[in-house]
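One structure is given here, and the rest of the page talks about it.
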Amino acid sequence: MSKPKVLIIQELWWPRGRGGVLATHLITEVLAKHGFEVRVVTGVRDYERINGVDFIYEPRLRASSKLGLWLNTYMLCREGWFKRIIEWADIVYIPRYAYPLIPLAKALGKRVIVHLHDYQPISYTAVIFHGDYFKSNFTRTFYYELHQHSLMRALITSPLTPINKLARGWVSQADSVVCVSNRQCEIIRERMPEIRDKSVVIYNPLPDIPPVRKELGEERVLLYLGGLSFVKGFHLVLRVAHELLGRHRDLRILMTRVEGYRSLPSNCVALGELPYQDVVKLHSRAYALLFPSMWEEPLPYVVLESMLMGTIPIAARTGGVPEVVVGSPAEDYLFTPEDANEFTDKIEAVLTQSRNYLLDVSAKLREHMLKLFSTEYVESKIVNLFESVLNSGNA
């Protein structure tokens, strides 16, 4: 019996990119491990290889914008070599935004799985804010671009929002739509009811991170890994840092991806862009992770990895975070999104704890994650999904 053939189309590949790209890399390893024949078409050259997986470099997938990507993907669908590689596959797997190839794959009789790591089919910016009160995609896009980038970007981008209806139409043709948390799936199903019966929740696999030996010194270190992003809550971190400056002279907030920002409080240290392994090392010194996100992040790897490395996430109660931390000590450190006072109180609660308490909690957080994201369970869910989609096509 021949191996099931899976074609993965993704613009970026690990180690380029962030959480969703890492998830695709880990899922590809699972498929290869369980006997699937996998080919990947990606827009980057410097990808991390996977044994038994063939990679094809296609630079047009590395477009500078979603509109550019969609146009390039449409043009690729008209080329013979690209049609032939789709014909080779039993399943076409789309874990990012290459949605225009879905109609071609369906026309060629292929099964299609779309994996959502955000809200692209229902939001032009792919973001849904916590307590999202916007009456239209236009106003949400304007608000996002204004605060995340600039007024000029908001004025240019907002009129383009109707184009996102194409994304919704493409994704609705998929045979299965994977969400990564129950909260994300709830939002998607509510706003896109046509995919309700073919949507499924599967948690992303955990990266293979060994236990981190905690070395908590006299200097109390907090981590913030969200960069200058408005939706990641950078402005809230700054506000809280100023508030804590006079209270804790031994406090340091280590920030990644904030190079060029000139008005950091003296208790903040800008580390710039760090390789993934260097970020992992920071957790050995960290008392807590700051995660004041303002949007419904489906399943933020930064929180998962923090718990896996025994660092308490002081996180906004939004997106998939509550369902991940429930039943663990981290549940006590959730706060209301955008509430700077409650955010400060949760930080104070960590800073007043003894080192023995933090070390005990560290072990409990890792144990909680390994149980919730059991390798065997997550892998079986992934494999069963691909097999069921394939079998439904053969029925």
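The values are calculated or read from the model by the stated rules, or taken from the named source; none is laboratory data. From a predicted model like this one, the values you see are computed outputs, not experimental measurements. We place every Cβ from the backbone using ideal geometry, glycine too, and count neighbours over all the protein chains shown. The accessibility values were calculated without ligands, DNA or RNA, using every heavy atom of the protein model including side chains. Shrake-Rupley method; radii C 1.70, N 1.55, O 1.52, S 1.80 Å.
Here are some notes:
- Criterion: of a type in the set (A, V, I, L, M), under 30 Å from residue 386 (Cβ atoms) and in contact with a strand residue (DSSP E or B) (Cβ under 7 Å, 6 or more places away or on another chain) - qualifying residue of 174, 107, 126, 167: 174
- Matching residues in the stretch 10-45 - criterion: being closer than 22 Å to residue 391 by Cβ and not in a loop (DSSP other than H, G, I, E, B): 27, 28, 30, 31, 32, 33, 37, 38, 39
- Across the stretch 1-21, the number of residues qualifying as open to solvent by 10 Å² or more (accessible area, probe 1.4 Å) and within 22 Å of residue 320 (Cβ to Cβ) comes to 6.
- In the stretch 136-147 there is no residue matching the filter, namely being surrounded by 17 or more Cβ atoms within 10 Å (Cβ to Cβ) and touching a Pro at 6+ places or on another chain (Cβ under 7 Å).
- Considering the stretch 261-316, the residues that are open to solvent by 30 Å² or more (accessible area, probe 1.4 Å) and of a type in the set (Ser, Thr, Tyr) include one that is nearest to residue 329 (Cα to Cα), namely 276.
- A count restricted to the stretch 331-346 and to residues that are farther than 19 Å from residue 364 by Cα and not in a loop (DSSP other than H, G, I, E, B) stands at 7.
- Test: residue in the stretch 157-167 that is small (Gly, Ala, Ser), within 30 Å of residue 336 (Cα to Cα), modelled with pLDDT under 95 and surrounded by 14 or more Cβ atoms within 10 Å (Cβ to Cβ): yes
- The condition (being on the phi < 0 side of the Ramachandran plot and modelled with pLDDT of 95 or more) is satisfied by just one residue among 345, 278: 345.
- Qualifying position, being within 20 Å of residue 221 (Cα to Cα) and either more than 19 Å from the chain's Cα centre (by Cα) or surrounded by 14 or more Cβ atoms within 10 Å (Cβ to Cβ) (or both), among 334, 385: 334
- Tabulated pairs, the stretch 98-122, first over 23 Å from residue 64 (Cβ atoms) and open to solvent by less than 10 Å² (accessible area, probe 1.4 Å), second part of a helix (DSSP H, G or I) and small (Gly, Ala, Ser), C-beta under 7 angstrom, 6+ apart or interchain: 112/105
- The strands (runs of 3 or more DSSP E) falling completely within the stretch 46-142 that include 1 or more residues that are closer than 21 Å to residue 200 by Cβ map to 91-94, 111-115.
A quick yes/no check of all residues on (1) hydrophobic (A, V, I, L, M, F, W, C); (2) within 29 Å of residue 375 (Cα to Cα); (3) open to solvent by 70 Å² or more (accessible area, probe 1.4 Å); (4) part of a helix (DSSP H, G or I):
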residue: 153; (1), (2), (3), (4): no, no, yes, yes
residue: 177; (1), (2), (3), (4): yes, yes, no, no
residue: 204; (1), (2), (3), (4): no, yes, no, no
residue: 208; (1), (2), (3), (4): no, yes, yes, no
residue: 211; (1), (2), (3), (4): no, yes, yes, no
residue: 226; (1), (2), (3), (4): no, yes, no, no
residue: 229; (1), (2), (3), (4): no, no, no, no
residue: 237; (1), (2), (3), (4): yes, no, no, yes
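- Test: residue 252 is of a type outside the set (A, V, I, L, M), closer than 28 Å to residue 24 by Cα and in contact (Cβ under 8 Å) with a residue 24 or more places away in the chain: no
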